[in-house]
1. Any chance you could get the radius of gyration and Dmax over the Cα atoms of the chain, in Å?
2. Gln196 label point, 7 Å along Cα→Cβ, cut-off 18 Å on backbone N: hits in the range 315-355?
3. Tell me, Kirkwood radius of the range 209-355 from alpha-carbon pair distances, in Å?
4. Quickly rank 215-221, 105-111 as a protection proxy: mean count of other C-beta atoms within 10 Å, highest first.
5. Label points 7 Å out from Cα along the Cβ direction at Arg329 and Glu345: separation in nm?
6. Roughly how many Å is it from the Cα centre of the range 201-276 to that of the range 63-142, as a whole number?
7. Would you work out the charge dipole size for the chain about its Cα centre, treating the Cβ of every Lys and Arg as +1 and the Cβ of every Asp and Glu as -1, and quote it to the nearest 20 debye?
8. Among Met336, Asn42, Thr134, whose Cα projects farthest towards the positive end of the dipole of the chain, with charges put on the beta-carbon of Lys, Arg (+1) and Asp, Glu (-1)?
Amino acid sequence: MIVGIDVHKNYCEAASIDEDGRLIKRWRFKNQSESIQEFLPNLPYGTRVAMESCSYFYPLYNELERGGFQVCVAHPLKVKLIAESRNKNDRVDSLILAQLLRMNYLPTSYIPPEPTRQNRDLLRYRAALARQRTQVTNRIHHLLEKQGIKTSQLSHSDLHSRKAQENLAQLQLPQIERSILDMELNLVRALNGAIQNANIEIAKEAKENPQVKLLMSIPGIDYYSAMLLLAEIGDINRFPDAKKLCAYAGLVPSVSQSGTRTIYGHITKQGNRWIRFVLVEAAQRTTTIQHDSPLGAMYRRIKARKGSAIAKVACARKLLKIIWFMLTRNEPYRYMDQEMFAGKEKRLLRTASKT
């Protein structure tokens, strides 16, 4: 039996078909644990299940995975291109998913194992905390600018540091601005604490992972960046070559072709945005730290012709190709700095030992 399930926030619509594509039965059940448990006994052993990727499919996916069912998660944009219907509703969508799976036409999305998904949640949460801290810091800068105070006048311009916060606490400001600044500083302290706690949890996972040590041999990557890359890439063996990995990250140029004319544009950005984010930052740090390395020379050459933005993206793509070779061959970065790597490893172990 083959089952297609259209998943929504509050409910799920399911349709089952046989191997010849004939409709067997339909179900409609709530997208919550008790209703899912009541639905699962309707599926015989060996049932293949198709569902679209969305924000609400994980509870159902987890239960199906634990039940030993073969679950295929469809890529929503690609399904839309293949099977767009004029009569679009939940009953039609669930049946289309089942039929596409039966014919092996279902474009699937990669869903990593549950431990990797948990790591992703932690790492993305840490990234969200850092973004929030940046937003608060920007508001503090704006508040000070409105009072004619330049942050460069402070002894520490990094408002995340304890010394800078002590200086800000002593500033003489009007009552309202003083109150706002105090609340913002409390937010920064709270976010600093949450980020530190997340760093400890990440470091505990990282110190046991040998692939983290491999990626840390790259100058611009620390244990957090390495863990984020590994969690977002998943199993490196699912990429037959480095180009496929770059396409997954959305770091390949878009192509417009007509006849004998081919035009290459900006990168597609149709891929994993977390990998792009980490690698662009890492490429910038790597080319700065190792100015005379091949990657640094590549950055300067492209920057002279096309500007720094395009040069950073090109180096990020090159760095991702290097990472593919490092992970598939289990080799460290060829131009690693032993002293710098030792410092990273020491920070990792120090952070992991905190409670």
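Derivation of every value follows stated rules applied to the coordinates shown; laboratory data play no part. For clarity, every value in this text was computed on a predicted model and none was experimentally measured. Counting neighbours? That spans all protein chains shown, and the Cβs are built from the backbone with ideal geometry, glycine included.
1. Using the Cα atoms of the chain, the pair Rg, Dmax is 25.1, 78 Å.
2. From the range 315-355, the list is 347-355.
3. So the Kirkwood estimate lands at 16.1 Å.
4. 215-221, 105-111
5. Distance between the two pseudo-spin positions: 2.1 nm.
6. Computed from Cα coordinates, the inter-centre distance equals 18 Å.
7. Roughly 1260 debye for the chain.
8. Ranked along the dipole, the leading option is Met336.
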